[in-house]
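Comments concern the structure below.
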Amino acid sequence: MGKSWRIATISGIPVLLHWTLGLFVLFIVWFAYQRSLDLTNLGYLVGFIICLFICIVLHEFGHSLTAKRFGVKTRDIILSPIGGLARLESIPDNPYQELKITINGPLVNLAIAGILAIVIGFFGLGFDPGFSDGIKIHSGNFVQSLMYMNISVFIFNLIPAFPMDGGRILRSLLSISIGRKRATFWASLIGKLFAIVFVLFAVLKGHFTLAFIGPFIYFMAGEEYQQVKLNEIMKSTSLAQIMSREYIRLNESDSVNEFLQYVDQTEVRNFLVQNDEDQITGSLPSIFVEELKKNSELYVQIKDIASPKFNFLEEDRSIDEAFRLMKDEGLAIIGIKKDGQITGVIDRPIISRFILEHSRTKFLS
Ligand SMILES: [Zn+2]
């Protein structure tokens, strides 16, 4: 995603500004210069953009706070010139939950527009933003412009194409009857058709923003389907199918020097650590081994470097479960059991290889 700066943390969710917003500020300065705006007009324009971004943050919180109700955390909210993005840790499999999370974003903009309409009506401001003399924001059309922008954000987000909210809304509605994978296939196909229509329209009308957005939507539609397909494969493949049956048990009290001599003679890089009673007490992830080679004099025994983080899963559990467990507990390696016996291990490199092999499969299959 590139560099971003945290500007606030609201309800435990960091709000970040993406560096490209800096380019956006330069664009505003250029725009103001082109239109020979005076300082007052520039002030209104900047104020308007700030208000618009606040509305976008509220939109993202519409998603995030709904997600929170379903136990889904938001990693962060990123603001960039093309809008906001709430990065959720996961999307619920339950289509009704996905629908609520998604729709509550655009609904925030509709609610803001409604409130602004009441304000306009109450103070008798008139609904015409008066853009006949070019787009210029001033005290007379500030509230009206903000209302129309919120309506635009609402409508734009309902376009049924990924990555717009409309794409997710369509997917979750289809998921209810035909399942998530096929729903995503159709939603991403419809998204691609929209993208093609956008580009055709852009070429015919000379509309450059759409010409840029079209290929982006086309690409995102494909990515979304790939992602869901990968998730399905991860859920349906058992650990027994990809786990490594080769692993080595080390004793906590083994000396590091002996271990390093030994490690060069074996290809195996999965180490479980046990105590004198043969109980697993931790692990030695492969990255630790590399570290150990550089700074071996710092450590005397295996227990000085072993990670106490460790857990087990049964062989018939899915890769997806192992992946989540690693993420939740910060594990690098998981022991695999069958009938109470340790039969192998799975670590991050094995999962990464699996993801790599399956994330570039054909689109239509
Ligand atoms: Zn949204």
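The values are calculated or read from the model by the stated rules, or taken from the named source; none is laboratory data. Computed from a predicted structure; not experimentally measured. Virtual Cβ from ideal backbone geometry, glycine too; neighbours counted across all protein chains shown.
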- Would it be correct to say that Gly22 is more than 18 Å from the chain's Cα centre (by Cα), touching a residue at least 24 places away in the same chain (Cβ under 8 Å), in a helix (DSSP H, G or I) and away from the ligand (no atom under 15 Å from the Cβ)? no
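With surrounded by 21 or more Cβ atoms within 10 Å (Cβ to Cβ) and modelled with pLDDT of 90 or more as the only criterion, which of Gly166, Gly191 stands out? Full working, then the answer.
On the way: Gly191 fails: modelled with pLDDT of 90 or more.
None of the others qualify; the one that does is Gly166.
Which of the residues belonging to region 69-105 are part of a helix (DSSP H, G or I) and within 15 Å of the ligand (Cβ to nearest atom)?
Glu98, Leu99, Lys100, Ile101, Thr102, Ile103, Asn104, Gly105
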- Task: Residue by residue through region 134-192, note down the ones that are closer than 20 Å to Glu223 by Cβ, in a helix (DSSP H, G or I), within 16 Å of the ligand (Cβ to nearest atom) and β-branched (Val, Ile, Thr).
- Result: Ile169
- Note on the structure: Within region 224-242, residues small (Gly, Ala, Ser) and part of a helix (DSSP H, G or I) come out as Ser236, Ala240
- Is there any pair linking a residue in region 58-74 that is assigned by TED's automatic domain parsing to the domain that holds Lys100 and closer than 14 Å to Asp165 by Cα to one that is of a type in the set (Gly, Ala, Ser) and within 15 Å of the ligand (Cβ to nearest atom), with Cβ under 6 Å and at least six apart or on different chains, and which? His59/Gly105; Glu60/Gly84; Glu60/Ala86; Gly62/Gly105; His63/Ala86; His63/Gly105; Ser64/Ala86
- Filter result for the condition that a residue is on the phi < 0 side of the Ramachandran plot, modelled with pLDDT under 80 and surrounded by fewer than 17 Cβ atoms within 10 Å (Cβ to Cβ), over Glu224, Glu277, Glu290: Glu290
- For Phe61, indicate whether it is within 16 Å of the ligand (Cβ to nearest atom), closer than 24 Å to Ile112 by Cβ and surrounded by 17 or more Cβ atoms within 10 Å (Cβ to Cβ). yes
- Message: Which pairs turn up if I take residues in region 101-126 that are at positive phi and look for partners that are assigned to a helix (DSSP H, G or I) with beta carbon separation below 8 Å, at least 6 apart in sequence or on another chain?
- Response: Gly126/Ile120; Gly126/Gln144
- Message: For region 241-253, give me the residue count where each residue is crowded, with 16+ Cβ neighbours inside 10 Å and either outside the structural domain of Phe354 (by TED's automatic domain parsing) or within 16 Å of Ile319 (Cβ to Cβ) (or both).
- Response: 3
- If you go through region 1-56, how many residues are over 24 Å from Val143 (Cα atoms) and of a type in the set (Lys, Arg)? 2
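Given the criteria touching a residue at least 60 places away in the same chain (Cβ under 8 Å), crowded, with 17+ Cβ neighbours inside 10 Å and away from the ligand (no atom under 16 Å from the Cβ), does Ala202 qualify? Don't jump to the end; show me each part of the working.
Details: touching a residue at least 60 places away in the same chain (Cβ under 8 Å): no; crowded, with 17+ Cβ neighbours inside 10 Å: yes; away from the ligand (no atom under 16 Å from the Cβ): yes.
Taking the combined requirement at face value, the residue does not satisfy it.
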